[in-house]
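The values are calculated or read from the model by the stated rules, or taken from the named source; none is laboratory data. Note that the structure is a prediction, hence the values are computed from the model and not measured. Here Cβ is always computed from backbone atoms with ideal geometry, including for glycine, and neighbour counts include all displayed protein chains. Protein only, heavy atoms only, side chains kept; ligands, DNA and RNA dropped before computing areas. Shrake-Rupley method; radii C 1.70, N 1.55, O 1.52, S 1.80 Å.
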Amino acid sequence: MGNRSAHLWFVAPAVILMLVILIAPIVIAGGLSFTDYSLGNDGARWVGTKNYEKIASHSTYTKMLRSTAIYVLTVVPVSVALGLGAALLINSLRFGRDLYKTIFFLPVMAALLAMAIVWEFALHPTIGMVNDTLAAGCGTFVQSVFDWGWLPFVNGAETWYGHACANNDFPLWLRDRDYAIWTICFIGIWQGFGFNMVLYLAGLTGIPRELLQAAEMDGARSAWERFRLVTWPMLGPTTVFVVTISSIRSFQVFDTVEALTFGGPSKTTYVMMYAIYEKAIKQNLMGMGASITIVFLVFVLFITLVQRYLVERKVHYA
Amino acid sequence: MIQAHHIGEGWKHLVLILGAIIVILPFYVMLSYSFKSPGEIDRNEGGFFGAQELMVDERCVVVGGSREDCSFLPVVFNYSKAFSEAPLLRYLFNGVVVTLSIFLIQVIVALPCAYALAKLRFKGREFVFGMVLFCLLIPVHAIALPLYIMLAKVGLTNSYAALIIPWTISVFGIFLMRQFFMTVPDDLIDAARMDGMSELSIVWKVMLPTAVPALLAFAIFSVVAHWNDYFWPRIVITGNRDLFTPPLGLREFKGDADGSFYGPMMATATIIVTPLIVAFMLAQRRFIEGITLSGMK
């Protein structure tokens, strides 16, 4: 190959792969989403926007949008807040920083599928460690603390823990329609907040100490004031990034749902990626799956474009 | 450091330790159950390591083994079953082949492209770079369905190729390497050209060595993502156990498991999770750098 045409040889493989693997699928999904295509059938019928109308109206899909929304709107704020909280605490320690950092980062490294199965064990209604521990706390000082009966105007027997203790009736967690989605959220938060923590720790090292000292001299006496006036604004770019990446990751939740709940009970954990898998791959309703894919892509693109917009507006004050 | 004198150091440790206990809990459960006998798991006793009393494998007795031959320490039983009940070694081997192939192909595709985008002038360069930026917006998992249809059409599902092909192009890798190559001085490249090196050997002999730290971080990023990936293998590998990656193997194990197989299943989980955790412990800084690489966009 001549040096003059080197760039062609260098760029061509990447360009071809981008076109075939990343761009063509979007076009294909877009096209199929207006059909009732299924694998094995030669043709496909054009059904117009019927698939999209179903997503907007059919109860299965409104439940899908609902559980996805609950998951994203729970996991993102909580895991970002916990990540920030952990980072601030760890950053202000005199010793033990590396130890906590390592521990909180462990779930990020471990295969989520494996850890989901372990959580299922721990949350097993009868032999699981969580309910065993909760039951063991009944009748001891643990109950008197956590049934909140020591608060004024609270009847300990009527609170969640007091009630569960009295009737020995602890949740079935993943098999209970009132708890399943929250349990899946909890595993998502457990897995992801260490990642956010590490990003925030990196963000914190970028804040010059002189700035905090200057703020203190200018009258920001309390730690909260300094956080509000200096640290939080300086972390702006980190926060934009952390929120974006957490959102995109939570939209893609699949492993925990597929391994633990199959979208149930009563479709309360029927998130989008699982819906695509179930409709398209298991039931061979490719057209329907394609339209969920397009809706999914619109959400993700929207989030990323908002992020780009915020970054370009330079969300920081440095 | 900021507000150390306000909240006592002790309170912070208390909060962090409580958090750490919740974070570690499933790891503890996994390891502990992988040591214990089925009875101990059911009754939730035996502490962390279990009593390790000899247990009799009833299945082994049924197929004609004597009771002595069929007695094992629970820990030995669990880990040997993990390998004998399912071809776990095969799964691990598949995991290694797939993750390494993905990484190597990603580098072979991305590095020359990144070099061209950073250091060569040609018509359409801005266009190609724009395409890279656009593709950064697309999560591959999200377009799994059309990719699956394409692979099915050419008859490639249930193959190593199906596991690898969608990941051969890492636009993120291109972007990252391009940013890195921008910082390499032009003089270095000009000197290499004077020495008569071809552009191709400049990429591999001049640029690659300067990029080792970035490449290492990218390697960790890529390997962790694909060793742990479950969604994509679940979709393209249907039934053919010889092609299972470690997470698929574990999932299959869970599907088959009856009550007495919790121990071996936890042993399998431990075996799958351990390589990355150990590597992470040994090279923490590098791993955190690698995993949070996407933070540098």
Legend entry - Protection proxy ranking of A:67-76, B:16-25 - average other beta-carbon atoms within 10 Å, highest first: A:67-76, B:16-25
Legend entry - Translational diffusion of the range A:130-170, µm² s⁻¹ [Kirkwood Rh, Cα pairs; Stokes-Einstein; 4 °C; 1.567 mPa s]: 131 µm²/s
Inset, instruction - Give me Rg over Rh for the range A:143-231, both radii from the alpha carbons and Rh done the Kirkwood way, two decimal places. - result: 1.24
Inset, instruction - Let me know the Rg and Dmax you get for the range A:1-116 when you use only its Cα atoms, in Å. - result: 24.1, 68
Legend entry - Alpha-carbon Debye profile of the range B:103-201, log10 I(q)/I(0) at 0.12, 0.16, 0.17 Å⁻¹: -0.52, -0.79, -0.86
Legend entry - Average beta-carbon neighbours from other chains, 10 Å sphere, peptide B:21-31: 6
Legend entry - Cleavage-rule hits, chymotrypsin sites (Phe, Trp or Tyr not before Pro), the range B:213-278, DSSP coil, Cβ neighbours within 10 Å at most 10: none
Legend entry - Computed Kirkwood radius, in angstrom, where 1/r is averaged over Cα pairs of the range B:88-296: 19.1 Å
Legend entry - Linear extension gain, A:T126 paired with A:S38, 0.36 nm per residue minus alpha-carbon span: 27.4 nm
Inset, instruction - Name the long-range amide H neighbours of A:T35: under 5 Å, sequence gap of 5 or more, or other chain; modelled H, no Pro or chain starts. - result: A:V47
Legend entry - Note, ³J(HN,Hα) from phi for the range A:284-299, Karplus 6.51, -1.76, 1.60, rounded to Hz, x at Gly and Pro: 6, 9, 5, x, 4, x, 5, 6, 5, 4, 5, 4, 4, 4, 4, 4
Legend entry - the range B:9-85 - percent of accessible surface contributed by carbon and sulfur, probe 1.4 Å: 67 percent
Legend entry - Dipole magnitude of chain A, debye to nearest 20 (Cβ charges: Lys/Arg +1, Asp/Glu -1, about Cα centre): 880 debye
Inset, instruction - Heavy atoms only, probe 1.4 Å: what % of the accessible area of the range A:181-254 goes to carbon and sulfur, would you let me know? - result: 63 percent
Legend entry - Distance in nm between pseudo-label sites at B:R43 and B:R286 (7 Å out along the Cβ direction from Cα): 4.7 nm
Inset, instruction - Provide a whole-number value for the mean count of partner chain Cβ atoms within 10 Å of the Cβ atoms in peptide B:230-236. - result: 5
Inset, instruction - Based on a Kirkwood Rh over C-alpha pairs, give the Stokes-Einstein translational diffusion coefficient of the range B:53-136 at 25 °C and viscosity 0.890 mPa s in µm²/s. - result: 138 µm²/s
Inset, instruction - Note the per residue figure in Å³ for the convex hull of the C-alpha positions in the range A:96-147. - result: 115 Å³
Inset, instruction - With a probe of 1.4 Å, find how much accessible area chain B has per residue, and write the answer as a whole number in Å². - result: 44 Å²
Legend entry - For chain A, convex hull of alpha carbons as volume per residue, Å³: 242 Å³
Inset, instruction - With an 8 Å cut-off on Cα pairs and a minimum separation of 6 or more residues, tell me the relative contact order of the range B:88-296 in percent. - result: 32 percent
Inset, instruction - Just report the Cα centroid separation between the range A:261-316 and the range A:121-143, whole Å. - result: 36 Å
Inset, instruction - Tell me what chain B gives for mean residue ellipticity at 222 nm when only DSSP H runs of n ≥ 4 count, each as -39,500 (n - 2.57), the sum divided by the residue total, rounded to 500 deg cm²/dmol. - result: -20500 deg cm²/dmol
Inset, instruction - Would you mind putting B:29-39, B:182-192 in packing order, based on average other-beta-carbon counts within 10 Å, highest first? - result: B:29-39, B:182-192
Legend entry - Cross-link pairs beyond the 32 Å C-alpha cut-off, checked among B:K12/B:K36; A:K101/A:K267; A:K50/A:K267; A:K50/A:K282: B:K12/B:K36; A:K101/A:K267
Inset, instruction - At q = 0.06, 0.07, 0.08, 0.09 Å⁻¹, work out log10 I(q)/I(0) for the protein assembly as shown with the Debye formula, treating every Cα as an identical point scatterer and leaving solvent out; two decimals please. - result: -0.37, -0.51, -0.67, -0.84
Legend entry - Cα long-axis angle, helix B:246-256 against chain B (0 to 90 degrees, to the nearest 10): 30 degrees
Inset, instruction - Per residue of A:296-302, count partner chain C-beta atoms within 10 Å of its C-beta, then hand back the mean as an integer. - result: 3
Legend entry - Spin-label pair A:S222/A:L8, simplified geometry with 7 Å Cα→Cβ offset, distance in nm: 6.9 nm
Legend entry - Relative contact order (%) - the range B:9-85, alpha-carbon pairs under 8 angstrom, separation at least six: 27 percent
Legend entry - Neighbour cut-off at most 10 other Cβ (10 Å), DSSP loop, trypsin sites (Lys or Arg not before Pro), the range A:65-142: A:R94
Inset, instruction - Within the range A:264-290, find all residues whose amide N lies under 20 Å from a label point positioned 7 Å from the Cα of A:W160 along Cα-to-beta-carbon. - result: A:265, A:268-269
Legend entry - Sparsely packed trypsin sites (Lys or Arg not before Pro) within the range B:110-172, loop by DSSP, other Cβ within 10 Å at most 16: B:R121, B:K123
Legend entry - Percent of Cα pairs exceeding the 17 Å cut-off, where the set is the range B:9-85: 56 percent
